[in-house]
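Asker: Mind having a look at this structure? Questions to follow.
The values are calculated or read from the model by the stated rules, or taken from the named source; none is laboratory data. All values derive from a computational prediction rather than experimental measurement. FYI the Cβ positions are ideal-geometry reconstructions off the backbone, even for glycines, and counts take in every protein chain you see.
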Amino acid sequence: MRKGKEAAAGFPEQELIERVIKIKRVSKVVKGGKRMKLSASVVVGDGHGQVGLGHGKSSEVAAAVRKATARARKDMVKVAIKGRTIPHETEGKYAASRVIVKPASEGTGLIACTHVRAVLEAAGLRDALSKSLGSRNPYNAARATIIALGKLRTIDRVAAACNKPIGHFVRKENRNEATEGDPD
């Protein structure tokens, strides 16, 4: 096992899923002409509920991807997963991009654009629906997806935050269903 940040954070290098979202050429105009560099956006996840997004620039593709991957590992967030999907519908906004992610029944698969799909796959989701609204810039759409996934809460987390047992929330749902069904 490697020593350093990967080992300290508990993310061994071989267990992470890395997806390159976008590689593009960027230029900077200086007095002597244009300086060309490459920009890379990378999604990193462990496939079990943690995902991060990074961005890096360099004069070579490999160096840009390495920088982006290092940044993505530092910025990983925990995602609440319920089986193969998410516990509830959520929405994330970053810059002009807006992404809506909904839970799907088992066997549906991931229905999403390539940038959103990369984030969902890296997080370990197998069934989800999504819609990308506004700007479809790859980095912004991926960041909006991570923000949306960061808002997810399971019933366990909600119960712990409210300092109540899980049964308290389940009983309320059953009581509401019973009152809706009675015509009295």
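Asker: Looking only at region 117-128, decide whether some residue is of a type in the set (Lys, Arg), buried (at least 17 other Cβ atoms within 10 Å of the Cβ) and under 23 Å from residue 55 (Cα atoms).
Answerer: Taking every residue of region 117-128 in turn, at least one turns out to be of a type in the set (Lys, Arg), buried (at least 17 other Cβ atoms within 10 Å of the Cβ) and under 23 Å from residue 55 (Cα atoms).
Asker: Would you tally the residues in region 129-158 being surrounded by fewer than 18 Cβ atoms within 10 Å (Cβ to Cβ) and small (Gly, Ala, Ser)?
Answerer: Final tally of qualifying residues: 3.
Asker: Identify, by number, the condition in (1) surrounded by 15 or more Cβ atoms within 10 Å (Cβ to Cβ); (2) under 16 Å from residue 152 (Cα atoms); (3) free of Cβ contacts under 8 Å to residues at least 24 places away in the same chain that residue 90 doesn't meet.
Answerer: (3)
Asker: Could I ask something else about it? With respect to residue 140, determine if the residue is part of a helix (DSSP H, G or I), among the polar types (S, T, N, Q), at negative phi and at pLDDT below 90. Talk me through it step by step, then tell me what you get.
Answerer: Values: part of a helix (DSSP H, G or I): yes; among the polar types (S, T, N, Q): yes; at negative phi: yes; at pLDDT below 90: no.
No.
Asker: Report every pair of residues separated by at least 6 positions or lying on different chains whose Cβ atoms are under 7 Å apart, first residue within region 155-167 and outside any helix (DSSP H, G or I), second surrounded by 10 or more Cβ atoms within 10 Å (Cβ to Cβ).
Answerer: What qualifies is 165/159.
Every residue, every condition in (1) assigned by TED's automatic domain parsing to the domain that holds residue 156; (2) in a strand (DSSP E or B); (3) farther than 16 Å from residue 22 by Cβ, yes or no:
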site: 35; (1), (2), (3): no, yes, yes
site: 44; (1), (2), (3): no, yes, no
site: 65; (1), (2), (3): no, no, no
site: 88; (1), (2), (3): yes, no, yes
site: 107; (1), (2), (3): yes, no, yes
site: 115; (1), (2), (3): yes, no, no
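Asker: Give the residue that is modelled with the lowest pLDDT, with candidates limited to residues of region 10-32 that are of a type in the set (A, V, I, L, M, F, W, C) and in contact with a Lys or Arg (Cβ under 7 Å, 6 or more places away or on another chain). Write out each step before concluding.
Answerer: So in region 10-32, the residues of a type in the set (A, V, I, L, M, F, W, C) come out as 11, 16-17, 20-21, 23, 26, 29-30.
Next, only the ones that are in contact with a Lys or Arg (Cβ under 7 Å, 6 or more places away or on another chain) stay: 11, 26.
Values: 11: 52, 26: 94.
Checked region 10-32; the qualifying residue modelled with the lowest pLDDT is 11.
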